[in-house]
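Just below is one structure, and these are the notes that go with it.
Read-outs throughout are calculated quantities, based only on the coordinates presented, and are distinct from any laboratory measurement. Small disclaimer: the values here were computed from a predicted structure and weren't measured. Counting neighbours? That spans all protein chains shown, and the Cβs are built from the backbone with ideal geometry, glycine included.
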Amino acid sequence: MPILGTQRVSWQEKLGAKVARIRALGHEPSPALLNALEKNERPAVRPAADRKKRQTSRQRKYNGHLRSTYWLAMRRALFAERGKSCEWCHATAKLHVHHVTYERFGQERPEDLVILCRDCHMRVHAGQPALSKSAQATA
Ligand SMILES: [Zn+2]
Ligand SMILES: [Zn+2]
């Protein structure tokens, strides 16, 4: 007599059951699922497209904030107060505003931000130390 718990169910059977379940609910299974069944190719545990979508929605939120009037006003105020140059190397081209912290993301305070040129910005994200200035900043 077979013991139910130890019976192995192939992924094809599981996938077939999943597709049937989706259809029973009146939905159309995703092309990726149907494709996997048809070609007998096991699908990835989580389709890469899903991960990508979640990432882009986070990205969209971030980009949305960077277009907001709050952010633009904050940038303008920063440049007016600190001058239009990199706070590390004093370059004046390709300036970015870097978040020292995302703690108050969306309602940043000036101290949460630092004006950096593109090169210094890349350095900070690569975990490299400031070229200069930061020591003076604490003075
Ligand atoms: Zn940054
Ligand atoms: Zn710089």
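Name the residues whose placed amide hydrogens come within less than 5 Å of the amide hydrogen of Leu113, ignoring near sequence neighbours (fewer than 5 apart) on the same chain.
Under 5 Å from the amide H of Leu113 lie the amide H atoms of Val100, each far enough along the sequence or on another chain.
Taking 7 Å along the Cα-to-C-beta vector as the label spot, tell me the Leu72-Glu28 distance in nanometres, rounded to one decimal.
4.0 nm
When you count, for each residue, the other Cβ atoms within 10 Å and take the mean per peptide, how do 98-105, 117-124 rank with the highest first?
Numbers: 98-105: 11.9, 117-124: 17.6.
The peptides rank, most packed first, as 117-124, 98-105.
Report the dimensions of segment 65-138 along its three principal axes from the alpha-carbon atoms, largest first, rounded to Å.
Computed over the Cα atoms, the extents are 31, 23, 23 Å.
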